[in-house]
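The values are calculated or read from the model by the stated rules, or taken from the named source; none is laboratory data. Quantities reported herein were computed from a predicted structural model and do not represent experimental measurements. Positions of Cβ are backbone-derived with ideal geometry, glycine not excepted, and every protein chain shown enters the neighbour counts.
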Amino acid sequence: MYTQLIQSPVKCTQAIKTVSRSGLLLLLLVCAVSVQAMPPYRVTVKNNSGLNRIEELVILKRAFLQKKIKELSTKNFVLIKHHGQPLVVQYDDLNNDGIWDEAVFLYTFKPFETVNFAVVVSDKPAAIKAVVKAHVRHKHKLNDNSFGENVITDTMPYNNQPTDFTRQKLPPYLTEGPAWENDKVGFRKYFDVRNANDLWGKTTDKMVMDFVGANPDSVYHHLSWWGMDILKVGRSLGAGAIALRIPLKDRKKDTLLRLGNNTRKIIYHSLADGPVRAMFTITYSDCNVAAGIEPVTVVEKISIWGGQYFYKNEVEIKNAPNGAELVTGIPDFYNCSVDVVQKKSFALLYSFGRQSEHNDTLTLAVMAPSKNFIKVNKAQEEYSDISNAYLFHQSMESGIPVTYSFFSLWQLTDKHFTDKQKVRIFLEQQADLMQSPLSIK
């Protein structure tokens, strides 16, 4: 997947959306053609952790850059260099106004390392070759049983039911809904009333979600050169999907609500599509919680970037009832060890054992800042259609985002994930990195 030269900076933002989201060509604007005649500016980034940060995501917000660079206009881009070499930079327009909001790139930092990056304003971006490390896609089935182009926005039919594969070989959406991946792992969401997340184990660093599932004769539940579907989902939330727990006066009623049912509109929207980072939102508009309680609207913003074994979810609720809790979790189908780690800065739920559909070792984990963490319990303890799951509860309030990260560590992706002690150390190191963010000046 390579970039294309764009001659006109005015048309550049639209070209980025069109080309990169096709999954065929991705634009990397490295601005080597026309650089404004001014000295380079400097951005200083510090690793505040005593650990290596492998392919860390660096986010430079437009507002931050404009304070530093008065000459930066809405038509400009920035070239990021280190020791004179340009880095792969992705420009994301997150509010869909035609102007990029964040410039993002990956960089590996040594413990406590401080790195100075040169920033040069450019008005005529050039193109370079790039390795695509993150991708999101959502495709509809066509009349000829092929799948169409990647769609940017889509609204799920009301109370859309799961595909009956005894009657049809292919679902209405490629692999039943949106899929997102990086060079380590992949995920998909059931775009129907189940609203669960499934998991792809990958044995390649290439992007594969555009063709996996397109041919019914190639079964993704069997190991292939790229990997396979490795998670049993059942009636659990799968790989970190969300539910709400709402306290009700009548405790005999269902208080654990799977998002996806009895919701006026469920809308998918792609925000960014590689090569560095992929991001999308799912909006659950006017979800009917219970009689006598005002409907709520929930937005989850999922992002994934190169080099990592997790995706990040940022969830916001409107009209939150008192005591509302965000619930996610991990499946519980096999005899695996399950541990909960709670420290001052983070909370972690993880399972380890032979729980992949390939009958080998898989670790599943949910990690979040401790400030919102409430508890972990088993789904069977609550009356709900959600079962066979360990549930991770977080407090939430209207308009205040709640975040968590979901990890998948499969032994065929990395042989070190067969050792429980090494897995525990890895997860705790990831928690340390998340709680010691980069300093950017």
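Scanning the stretch 168-215 for residues that are within 21 Å of GLY329 (Cβ to Cβ) and in a loop (DSSP other than H, G, I, E, B) returns GLY177, PRO178, TYR190, PHE191, ASP192, VAL193, ARG194, ASN195, ALA196. If you check LYS422, LYS375 for being assigned to a strand (DSSP E or B), exposed (fewer than 15 other Cβ atoms within 10 Å of the Cβ) and either on the phi > 0 side of the Ramachandran plot or assigned by TED's automatic domain parsing to the domain that holds GLU300 (or both), only one passes: LYS375.
Among strands (runs of 3 or more DSSP E) entirely within the stretch 283-366, having at least 2 residues that are modelled with pLDDT of 95 or more and within 22 Å of the chain's Cα centre (by Cα) singles out 296-305, 310-318, 325-331, 346-354.
The rows are residues; the columns are (1) touching a residue at least 12 places away in the same chain (Cβ under 8 Å); (2) of a type in the set (Lys, Arg).
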{"position": "HIS138", "(1), (2)": "yes, no"}
{"position": "LYS141", "(1), (2)": "yes, yes"}
{"position": "TYR158", "(1), (2)": "yes, no"}
{"position": "THR166", "(1), (2)": "no, no"}
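Test ASP164 against the stated conditions and say whether it is assigned by TED's automatic domain parsing to the domain that holds TYR268 and either part of a strand (DSSP E or B) or under 22 Å from the mean Cα position of the chain (by Cα) (or both). It is false that ASP164 is assigned by TED's automatic domain parsing to the domain that holds TYR268 and either part of a strand (DSSP E or B) or under 22 Å from the mean Cα position of the chain (by Cα) (or both). Any residue at all in the stretch 31-43 that is in a strand (DSSP E or B), at pLDDT 50 or above, in the same structural domain as ALA118 (by TED's automatic domain parsing) and surrounded by fewer than 18 Cβ atoms within 10 Å (Cβ to Cβ)? Yes - at least one qualifying residue is present in the stretch 31-43. Take the conditions (1) within 30 Å of LYS129 (Cα to Cα); (2) in contact with a strand residue (DSSP E or B) (Cβ under 6 Å, 6 or more places away or on another chain); GLN308 misses just one of them, which is (2). On inspection, ASN182 does not qualify as under 24 Å from TYR268 (Cα atoms), surrounded by fewer than 21 Cβ atoms within 10 Å (Cβ to Cβ) and not β-branched (Val, Ile, Thr). Taken as a whole, the condition of being of a type in the set (S, T, N, Q), in the same structural domain as ALA243 (by TED's automatic domain parsing), in contact (Cβ under 8 Å) with a residue 24 or more places away in the chain and out of contact with any helix residue (DSSP H, G or I) (no Cβ under 7 Å at 6 or more places or on another chain) does not apply to SER387. For the list (1) surrounded by 12 or more Cβ atoms within 10 Å (Cβ to Cβ); (2) assigned by TED's automatic domain parsing to the domain that holds VAL233, I need the number of the one condition that ASN143 fails. In the conditions (1) surrounded by 12 or more Cβ atoms within 10 Å (Cβ to Cβ); (2) assigned by TED's automatic domain parsing to the domain that holds VAL233, ASN143 misses (1) alone.
Residues checked against (1) surrounded by fewer than 18 Cβ atoms within 10 Å (Cβ to Cβ); (2) farther than 30 Å from LEU259 by Cα:
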| site | (1), (2) |
| --- | --- |
| THR74 | yes, yes |
| GLU113 | yes, yes |
| VAL119 | no, yes |
| ALA130 | no, yes |
| GLU149 | yes, no |
| THR153 | yes, no |
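Being in the same structural domain as LYS189 (by TED's automatic domain parsing), within 23 Å of ASP332 (Cβ to Cβ), of a type in the set (A, V, I, L, M) and out of contact with any Cys (no Cβ under 8 Å at 6 or more places or on another chain) is not true of LEU433.
Selection over the stretch 276-321 of residues that are free of Cβ contacts under 8 Å to residues at least 12 places away in the same chain and buried (at least 23 other Cβ atoms within 10 Å of the Cβ) gives a count of 0.
Strands (runs of 3 or more DSSP E) fully within the stretch 74-156 that include at least 1 residues being among the polar types (S, T, N, Q): 90-92, 102-109, 114-124, 153-156. Scanning the stretch 265-303 for residues that are within 20 Å of LYS206 (Cα to Cα) and β-branched (Val, Ile, Thr) turns up just one, VAL276.
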